[in-house]
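The values are calculated or read from the model by the stated rules, or taken from the named source; none is laboratory data. Given the structure is predicted, the values throughout are model-derived calculations rather than measurements. Note that each Cβ is placed from the backbone with ideal geometry, even for glycine, and that neighbours are counted across all protein chains shown. Side chains included, ligands, DNA and RNA excluded: accessible areas come from the protein's heavy atoms. Shrake-Rupley method; radii C 1.70, N 1.55, O 1.52, S 1.80 Å.
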Amino acid sequence: MAQQAVQKNTLYVGGLAEEVNETILHAAFIPFGDIKDVKTPLDQATQKHRSFGFVTFLEKEDAAAAMDNMDGAELYGRVLTVNYALPERIKGGEQGWAAQPKHFLGRLLLRLTTHFVQNAVWADADTWFERQQQEEEMQRIQAENQAAMRAAEELHRKKMAEERQGEKEDETEMKDDPMARAEAE
């Protein structure tokens, strides 16, 4: 069984959001070079695209640059999978996914797994970093609040001590002054 040749200037773009049409797909890939054609095959029943499309560049180098930059990129909230496209499947023939050698599917699975693991690690790292920043901010605010509470408590203690001292002085004056004692009785 002969292995299918990849079309080096046509890219398969998977993971398209429902809102993405051929115009949007063209606009997303045009920064990488001149585009010959954009197709988003439609589902016969729903007449909507089937979450994938094909972008054909005039130059192979432009297709390679687009694949390197857009594989794993996000478009309309969905992560894109961008690979070289395989030749169109001939109805009734042995071409297509089922006829591919198992090592090709294994490499594809490995690439997809690696891609998702790497993105998950970076997403986790970003989330961890944001949480660390939030925790540091919360600790700083808590420390400021605790310092303010300690200062307020100290001020309250001083006031209470001054009031008690004032009361003691009044009592001492009353003991020493017979006239003040008589007035208090």
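Numbers at a glance
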| read-out | value |
| --- | --- |
| Carbon plus sulfur fraction of accessible area for segment 10-84, probe 1.4 Å, in percent | 48 |
| Quarter of the Cα convex hull surface for segment 10-84, i.e. its orientation-mean projected area (nm²) | 4.3 |
| Solvent exposure ordering (accessible area, 1.4 Å, most first) of T56, T46, T23 | T23, T46, T56 |
| Built amide H within the under 5 Å cut-off of D37, gap 5+ | T56 |
| Extension gain (nm, one decimal) between Q132 and E61, 0.36 nm per residue minus Cα-Cα | 21.4 nm |
| J(HN,Hα) series, segment 77-82, from Karplus relation 6.51 cos²θ - 1.76 cosθ + 1.60, nearest Hz, glycine and proline x | x, 10, 7, 8, 10, 10 |
| Label-point separation, A45 to A147 (7 Å along Cα→Cβ), nm | 6.6 |
| Charge-dipole axis of segment 130-174 as Lys and Arg at +1 and Asp and Glu at -1 on Cβ define it, positive-most pick from Q134, A147, Q165 | Q134 |
| Per-residue HN-Hα couplings for segment 161-168 [Karplus 6.51, -1.76, 1.60; θ = phi - 60°; Hz; x = Gly/Pro] | 5, 5, 5, 5, 4, x, 5, 5 |
| Computed label-point distance, nm, for sites N69 and T23 using a 7 Å Cα→Cβ extension | 2.3 |
| Under 5 Å, built H, 5+ apart or other chain: amide partners of G72 | L80, T81, V82 |
